[in-house]
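J.: Dropping a structure here in structure tokens format, bear with me for questions.
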Amino acid sequence: MSANRRDFIKFVVAGAVTAGCPIDLSLVAAQAADAQKDHPADVDGEDNRICHQVRDGKVFTRPPASARHDVVIVGGGVSGLAAAYRLQHRDFLLLEKEPHWGGNAYAMEYEGSMYATGSAFLTKDEHAYPFSKEIGLEPLPVNSPDGSIIRGEFVADTWGNGLNKLPYPASVREGFEKFKKEMLAIDVEKRSKELFGKPFSDFLKAYPPELKQWWDNYGPSNWGAASEDTAAGLAILSLQEMVEESDVDNRYTWPGGLGAVTRKLADILQPRYKDRMQTGATTVAVVSEKENVQVTYMLGGELKTVAAKAVIMATPKFITRRIVEGLPEKQSEAMRQIRYIPYPVVNLIFDQPVFNHGYDTWCPGNTFTDFIVADWVVQKQPGYKQKFNIVSCYTPMKDEERSHLLPETGARKVAADVLSDFQKLLPGLNVDPVEVHIYRRGHPMYMSKPGLYTEVQPLVRRPMDRVFFANTDSEGPESTTDSGILAAQRAVKEVEARLAGRPMPKQKAVAG
């Protein structure tokens, strides 16, 4: 796409790179700092000064508690909202740093057309499926096995009937087929400890490089890591699920992805508990005392402290370990080991049909990994007419590339590169959108590295007297909305046991 054509397209930058406050500025390259002098980053309502002070270990002078609650929940993503939903019989306070609810499951819209900025779908065998029904949402079937665009050709049902249609030499296609057969023969549950402790790249060495390229594209989008840094058990399970989806697609979603779930939860809770749900509140300290936990947060430039009988930390662990005082050393170190990637989502908004061949399409070798057709699950509903063809391009980045998102000019360039690559994928895609929206996040997805699920996560979620740990990075093996909900429900059970003076529920064991 020429620079002149790009000048006529409206680029919209939203989200905050430092939404994972406190951001580790040691990861920010010097050139990004220089760029910020002329183009300061838009951080959408968060108080960076406070975030940086927390990061740097500043000890705030905590005012005395001005209110008391049964439970304080820190973090208003899907895990925090699900915890609040389960604690409606309690006097809870929900604190969220951003100006909106939803976290990584957050939907946005363009002139009435919904699109996703993060979490995309759930499966029927996940707890998120009945939970969605419980809160009044009817999951809509995807019914579209994942395709791929490779060497300018669209291949439907990549890991099903599409394998023998891949635009590769016969020897490469045979390698894909052999790999599929060998991975389907593995019993991951029986070999769980072994397979979640070794890298997936070990299983790719004997195969054509094109296979590794495909998985090094797939992994970062789903669990934040290429094959060398991916737990083998997770990738093998994912392949087995994709093959099953070729026969019966088990996935469900809504326009706007799983942001529909957090939006519904907020719609249920806010009318009833508006005075106990606070956005724009940056928690700076969680301090356990003998009879309660003191939670201090910044709201509108003013520090406030509340006392709670219990606290649920529904926040990423790199934030949690900086604001929860008194964490056991081993637990704090386990939290430190979890790594997170920057992960913007670029939505290309077309006012004409451009691509409606499948729900999720993988694109190895591009600046983005895959794209989803935003309204796919409603396209066949009676009377539906597509007003805008919105494609959500998932664009996971490497840790060292986080700085590219800080200045608005950098974020726009990322979005422009995604558009350029999209327009080159297939004949007929070289169409200009009416708008390009990039939603940037600095630390939304943790990397599912070997040993994380079996060794690290059981330790990070261990209760600390009156402080309990939710969020998707507590559960594993993959960063999903389902694991965020499960983490919330586990934490709620632990809270109820603590408040009733009962023994803690036993943690689930990893098979072996």
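J.: Just give me the residues in segment 141-160 being assigned to a loop (DSSP other than H, G, I, E, B), of a type in the set (A, V, I, L, M) and buried (at least 19 other Cβ atoms within 10 Å of the Cβ), in sequence order.
T.: Val142
J.: Between a first residue in segment 486-497 that is over 14 Å from Asp465 (Cβ atoms) and a second residue that is β-branched (Val, Ile, Thr) and at pLDDT 95 or above, which pairs have beta carbons less than 7 Å apart while being 6 or more apart in sequence or on different chains?
T.: Listed by first residue and then by second, the contacts come to Ala487/Thr472.
Residue-by-condition table, conditions (1) touching a strand residue (DSSP E or B) at 6+ places or on another chain (Cβ under 6 Å); (2) open to solvent by less than 10 Å² (accessible area, probe 1.4 Å); (3) within 25 Å of Glu245 (Cα to Cα); (4) among the hydrophobic types (A, V, I, L, M, F, W, C):
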{"site": "Glu333", "(1), (2), (3), (4)": "no, no, no, no"}
{"site": "Arg336", "(1), (2), (3), (4)": "no, no, no, no"}
{"site": "Tyr340", "(1), (2), (3), (4)": "yes, no, no, no"}
{"site": "Val345", "(1), (2), (3), (4)": "yes, yes, yes, yes"}
{"site": "Asp370", "(1), (2), (3), (4)": "yes, yes, yes, no"}
{"site": "Val378", "(1), (2), (3), (4)": "no, no, yes, yes"}
{"site": "Phe388", "(1), (2), (3), (4)": "yes, no, no, yes"}
{"site": "Cys393", "(1), (2), (3), (4)": "yes, yes, yes, yes"}
{"site": "Pro396", "(1), (2), (3), (4)": "yes, no, yes, no"}
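J.: Return a yes/no flag: does segment 436-449 have any residue that is open to solvent by less than 10 Å² (accessible area, probe 1.4 Å), closer than 20 Å to Ala116 by Cα, in contact with a strand residue (DSSP E or B) (Cβ under 9 Å, 6 or more places away or on another chain) and assigned to a loop (DSSP other than H, G, I, E, B).
T.: Yes.
J.: To continue, here is another question. Would you check which residues across segment 246-270 are farther than 30 Å from Glu98 by Cα and open to solvent by 20 Å² or more (accessible area, probe 1.4 Å) and list them?
T.: Selection gives Ser246, Asp247, Val248, Asn250.
J.: How many of the residues making up segment 315-364 are of a type in the set (Lys, Arg) and within 30 Å of Met108 (Cα to Cα)?
T.: 2
J.: Quick check on segment 371-388. Is at least one of its residues of a type in the set (Asp, Glu) and closer than 18 Å to Val12 by Cα?
T.: No, every residue in segment 371-388 fails to be of a type in the set (Asp, Glu) and closer than 18 Å to Val12 by Cα.
J.: It is to be established whether one or more residues within segment 477-499 are in a loop (DSSP other than H, G, I, E, B), open to solvent by less than 60 Å² (accessible area, probe 1.4 Å) and in contact with a strand residue (DSSP E or B) (Cβ under 7 Å, 6 or more places away or on another chain).
T.: Yes; the residues of segment 477-499 include at least one that is in a loop (DSSP other than H, G, I, E, B), open to solvent by less than 60 Å² (accessible area, probe 1.4 Å) and in contact with a strand residue (DSSP E or B) (Cβ under 7 Å, 6 or more places away or on another chain).
J.: Please give the strands (runs of 3 or more DSSP E) falling wholly within segment 234-331 in which 1 or more residues are among the acidic types (Asp, Glu) and on the phi < 0 side of the Ramachandran plot.
T.: The strands (runs of 3 or more DSSP E) meeting that bar are 302-313.
J.: List pairs: first residue in segment 170-197 and of a type in the set (S, T, N, Q), second residue in a loop (DSSP other than H, G, I, E, B) and at pLDDT 95 or above anywhere in the structure, Cβ distance under 8 angstrom, at least six positions apart or on different chains.
T.: Every condition considered, the pairs that remain are Ser171/Pro208.
J.: Are any residues in segment 115-128 out of contact with any helix residue (DSSP H, G or I) (no Cβ under 8 Å at 6 or more places or on another chain) and open to solvent by 40 Å² or more (accessible area, probe 1.4 Å), and if so, which ones?
T.: Answer for segment 115-128, where residues must be out of contact with any helix residue (DSSP H, G or I) (no Cβ under 8 Å at 6 or more places or on another chain) and open to solvent by 40 Å² or more (accessible area, probe 1.4 Å): Phe121, Lys124, Asp125.
J.: Go through segment 129-140 and give me each residue that's open to solvent by less than 10 Å² (accessible area, probe 1.4 Å) and small (Gly, Ala, Ser).
T.: Ser132
J.: On the basis of being touching an Asp or Glu at 6+ places or on another chain (Cβ under 9 Å), part of a loop (DSSP other than H, G, I, E, B) and touching a residue at least 60 places away in the same chain (Cβ under 8 Å), does Gly358 make the cut?
T.: The answer is yes for Gly358.
J.: From the list Gly300, Gly326, exactly one residue is at pLDDT 95 or above, open to solvent by 30 Å² or more (accessible area, probe 1.4 Å), more than 22 Å from Gly484 (Cα to Cα) and not polar (S, T, N, Q). Which is it?
T.: Gly326
J.: What's the total number of residues in segment 216-242 that are open to solvent by 20 Å² or more (accessible area, probe 1.4 Å) and modelled with pLDDT of 95 or more?
T.: Qualifying residue count for the region: 8.
J.: A follow-up question, please. Across segment 192-226, what is the total count of residues that are of a type outside the set (A, V, I, L, M, F, W, C) and more than 19 Å from the chain's Cα centre (by Cα)?
T.: Looking only at that region, the number is 15.
J.: Next question, about the same structure. Do you know which of the residues in segment 440-471 that are within 20 Å of Tyr218 (Cα to Cα) and of a type in the set (Ser, Thr, Tyr) is nearest to the chain's Cα centre (by Cα)?
T.: The selected residue is Tyr446.
J.: Search segment 415-429 for residues being at pLDDT 95 or above and not in a helix (DSSP H, G or I), and hand back the single one that is nearest to Lys387 (Cα to Cα).
T.: For segment 415-429, the residue satisfying everything is Leu429.
The values are calculated or read from the model by the stated rules, or taken from the named source; none is laboratory data. None of these values were measured; they are calculated from a predicted model. When we count neighbours, we look across all protein chains shown, and the Cβ atoms used for this are built from the backbone with ideal geometry, even at glycine. With ligands, DNA and RNA removed, areas are computed over all heavy atoms of the protein, side chains included. Shrake-Rupley method; radii C 1.70, N 1.55, O 1.52, S 1.80 Å.
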